[in-house]
Every structure is written in C-alpha cells, then in structure tokens.
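K.L.:
Got a structure for you, written out below as structure tokens; questions coming shortly.
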Amino acid sequence: MNEVLIVGEDICQQVVGQGDAFAAVEAVFAAMHRGEARNFPVVREALGHAEALYGFKSGFDRAGHVLGVKSGGYWPGNIERGLTNHQSTVFLFDPDTGQLSALVGGNYLTAVRTAASSAVSIAYLARKDAKVLGMVGAGHQSTFQLRAAAAQRAFEKVVAWNPHPEMLPRLAAVAEELGLDFEAVSPQELGAQADVIITITSAYEPLLLADWIRPGTHLACMGTDTKGKMEVDPTLLARATVFTDEVAQSVTIGEAQHAVAQGLVRADDVTPIGAVINGSHPGRAQDADITLFDGTGVGLQDLAVASVAVQLASQHGLAVRAAL
Ligand code: NAD
C-alpha cells in the first residue's frame, strides 16, 4: 500500500509562513546554481475550453530530495464563480521509488513562493539603506509581494501605481497594517521616489520607462512569465545589471525576452541569483547601480514550498493520510 499525504489550501496557509517560503526558495535557487536541482521543460497550452491555459512545471532537487510537478493554469471565468483565476495542485513523488507521496494545494503556495522570490532578490541586491518601496500592480499577487518585501529592508513608505487605480486600496490597507506610509502616485513619480520597485502585472507593454528609474534602484520584475508579456522598457535592462531565477526562462518568457530579441542584452549578461546566494557573483557592485531581477517563476520553487508544507503539516498532525 502506498500512503499519500494530502495538504489542502487552508492547511498550507496555516503552516507555511513568509519566512519558511523565503528559506525554501533561497535554498532551491542556490541548489539550481550548483547544478544540484533542475527544472524540466514547461508545458503550457491553451485548452480551447473556458478560455483556459493549462500546463505543468516540474523538476528534481537532488539536494533537497524533492521530485514533483505543479499542474494547473489560468481560468479567467473563475472570478464569476467565486474562485481564484489561477488554479494549481502540486504532486510530490518519492525520488527513490517514484511513488506519489503527497498532494498539496498550490494556490496560496504560488503566491507565497513568488513573493519569496522577489524578497530573496531584495535581500541580496537592494541597497541596505532603501527606504521607499514602489509597487506597480495591485492584483492578487501584489499584497503577498508587499508583505514579503517589507520584511527585507527598513522601509518607511510605499508608493504605488496600477493601470486600474480602483484596485489600489487593497495595497493601501496592507501598507497601513505594516505601519508604512502609503501614497498613490504616477509611474514617473514612483520611479523618482522608489529605492526598490516591484512590478507584478499582466502587462504586454512597458509601464515604466528607463529614464524614470533612478541610479541605485533595485527592480523585481515579477509579472512577465509568458511570451509577449512586458512590464518595463527593454532599454532599462541594457542599463541595469540583470539577475534572474533561471536564465533559460528569463530570455524566452521573462522580462529579458524583449531586450534579448532587440539585441540590447545577451543571455550571458543575465546572472542567476543563485550565483549571488552562493557567493560566486558579488551582486550589486556600487550604490549607484541599477539592479533588475527577472522573476519568471520556476517549478522548483513550487516543489520547494510544497515540500515544506508537507513537513510542517505532518509535524502538526494536520496532513490527511490516504491509501493509494
Ligand atoms: P491579477 O489578475 O489578480 O492582477 C492583474 C494585475 O495586472 C493588476 O494589477 C491589473 O491592474 C494589471 N493588469 C491587468 N491587465 C493589464 C494590462 N493589459 N496592462 C497592464 N496591467 C494590467 O493577477 P495576479 O495574480 O496578481 O498576477 C499578476 C501577474 O503576475 C500575472 O501576469 C501573472 O501571470 C504573474 N505571475 C507571475 C509569477 C512568477 O513567478 N513570476 C507567479 C504568479 C503570477
């Protein structure tokens, strides 16, 4: 008999905190750079039904002994049903036998692992004296991003802009909860004030122009995870030192895809953040540098946080056991 542990969405939210996700994502980025963890090719297809995009992200982390796949995608009609548009489930397998070991709800974990990714970039690349956090985007992911970023520096203020301004109050409420001043600003003003900028939108054209970004800024561009999407002016990538979770994704489906296609940046110019975590790249060289993290989202992040969810749920006696 094969025993499978089931960890639902509610339990994931209960047991996996921001700090747990940060540690798991930081460790797996480091393992990827050491060649001990590998993402497999992503499958993402339009179903031709319910306007849905469906796919798989999978990989194997030899260092963490984690093998699995996240399956799911995007169902735009879900909002009308009272459901989240992004739906996913993580399947973990025993790397020694291939037997299914756990089924884990992937919706909360996707948000928390994506926020952990930009938080890791801020921890390693932003100036230590950063005071103003700029948020571009105010959708589902944005509040997770704001909370995780706020833990990385002694921020005093949040400046925010969103193409749909009516969505900004959700960010204002989180900023207030975190004890941070909040100001809704134009994108130019955001660039003029912010020391760290997170972009987390579904944009297909630049929302921030290169000239609006001050020297010394760190940007975490988190929204572009598909061919064609774009959040910032490609010339900004030529001006910045560019980092990413995985170079292969960055130059094909990430923010760097456009700068690479236009010949402004080469794949060799993009550094995996794991190199900075492992100490083989210095990261930010000078205070006046612009650093840009292209967070494309890799399957190993999902598997890492799902594995933590299983461990913590088991420890607390909250995982449901089923025979398969
Ligand atoms: P959401 O639907 O809740 O919010 C969408 C956001 O994008 C809002 O701020 C909205 O105002 C803005 N927006 C919508 N259409 C736009 C357009 N045409 N131009 C500019 N802005 C537009 O989505 P979400 O769950 O918050 O996700 C935001 C983005 O992050 C999506 O593109 C999603 O695919 C991406 N994402 C990336 C990762 C990763 O690992 N990098 C993980 C999860 C989500």
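K.L.:
Classify region 103-250: rounded, prolate or oblate, from the alpha-carbon gyration tensor (a ≥ b ≥ c, eigenvalue square roots; a/c under 1.5 rounded; otherwise prolate if a/b is larger than b/c)?
P.N.:
rounded
K.L.:
Give the residue from Trp75, Ser202, Ala46 lying farthest towards the positive end of the charge dipole for the chain; charges sit on Cβ (+1 for Lys and Arg, -1 for Asp and Glu) and the dipole is referred to the Cα centre.
P.N.:
With unit charges placed on the Cβ atoms, the residue in question is Ala46.
K.L.:
Which GluC sites (Glu not before Pro) does region 2-52 hold that lie in a coil by DSSP with at most 10 other beta carbons within 10 Å?
P.N.:
none
K.L.:
According to a simple spin-label model (label point 7 Å from Cα along Cα-to-Cβ), what is the distance in nm between Glu36 and Glu80?
P.N.:
Going from the Glu80 label point to the Glu36 one covers 4.9 nm.
K.L.:
Answer rounded, prolate or oblate for the chain, using the Cα gyration tensor with square roots of eigenvalues a ≥ b ≥ c: rounded when a/c is under 1.5, else prolate when a/b is larger than b/c, else oblate.
P.N.:
The shape class here is prolate.
K.L.:
For region 126-135, in order, what is each residue's ³J(HN,Hα) by Karplus, 6.51 cos²θ - 1.76 cosθ + 1.60 with θ = phi - 60°, in whole Hz (x at glycine and Pro)?
P.N.:
6, 4, 5, 8, 4, 10, 10, 9, x, 10
K.L.:
Given an 8 Å cut-off on Cα distances and at least 6 residues of separation, report the relative contact order of region 211-324 as a percent.
P.N.:
About 36 percent, as a whole number.
K.L.:
Additional query: Can you grab the distance from the C-alpha centre of region 85-129 to the C-alpha centre of region 260-324, Å, no decimals?
P.N.:
Their Cα centres are 9 Å away from one another.
K.L.:
In percent, how large is the relative contact order of the chain, given Cα pairs closer than 8 Å and 6 or more residues apart?
P.N.:
23
K.L.:
Straight-line reach from Lys70: which lysines fall under 17 Å, measuring Cα to Cα and dropping same-chain residues less than 8 apart?
P.N.:
Excluding near neighbours in sequence, the set is Lys57.
K.L.:
Loop sites only, by DSSP: take the trypsin sites (Lys or Arg not before Pro) in the chain that have at most 16 other C-beta atoms within 10 Å and name the longest stretch containing none of them.
P.N.:
132-226
K.L.:
From the Cα gyration tensor of region 1-155, with a ≥ b ≥ c the square roots of its eigenvalues, which class applies: rounded if a/c is under 1.5, or else prolate if a/b is larger than b/c, or else oblate?
P.N.:
Because a/c hits 1.5 or more and a/b fails to exceed b/c, region 1-155 counts as oblate.
K.L.:
Could I ask something else about it? By the scheme Lys and Arg +1, Asp and Glu -1, what is the net charge of all other residues having a beta-carbon under 14 Å from that of Gly139?
P.N.:
Residues near Gly139 contribute -1 overall.
K.L.:
Sticking with this structure for a sec: Nearest 10 degrees, 0 to 90: what angle lies between the long axis of helix 140-150 and the longest principal axis of the chain (Cα atoms)?
P.N.:
Taking the Cα atoms of the chain, the angle to 140-150 is about 70 degrees.
K.L.:
Taking only DSSP H segments of four or more residues, each worth -39500 (n - 2.57), what value at 222 nm results for the chain once the sum is divided by all its residues, to the nearest 500 deg cm²/dmol?
P.N.:
Taking each H run of at least 4 residues, the total per residue is -9500 deg cm²/dmol.
K.L.:
Simple spin-label model, 7 Å along Cα-to-Cβ: Met167 to Arg214 in nm?
P.N.:
Result for the modelled spin labels: 2.6 nm.
K.L.:
For Ala322 and Asp268 in the same chain, what is the full-extension length gain: residue separation times 0.36 nm, less their Cα-Cα distance, in nm?
P.N.:
Extra length from Ala322 to Asp268 when fully extended: 14.7 nm.
K.L.:
Any idea what angle helix 299-315 forms with the longest principal axis of the chain, computed on alpha-carbon atoms, 0 to 90 degrees, nearest 10?
P.N.:
For 299-315 against the chain, the angle is about 50 degrees.
K.L.:
Sticking with this structure for a sec: Output wanted: per-residue J couplings in Hz (rounded whole) for region 84-94, from phi through Karplus 6.51 cos²θ - 1.76 cosθ + 1.60, θ = phi - 60°, x for Gly and Pro.
P.N.:
6, 5, 7, 10, 8, 9, 9, 10, 10, 10, 6
K.L.:
Relative to the longest principal Cα axis of the chain, at what angle does helix 18-34 sit, 0 to 90 degrees, rounded to 10?
P.N.:
Result, in degrees: 90.
The numbers here are math on the coordinates, done by the rules we state, and not lab data. Predicted, not measured: the structure shown is a model, and the values here were computed from it. We place every Cβ from the backbone using ideal geometry, glycine too, and count neighbours over all the protein chains shown.
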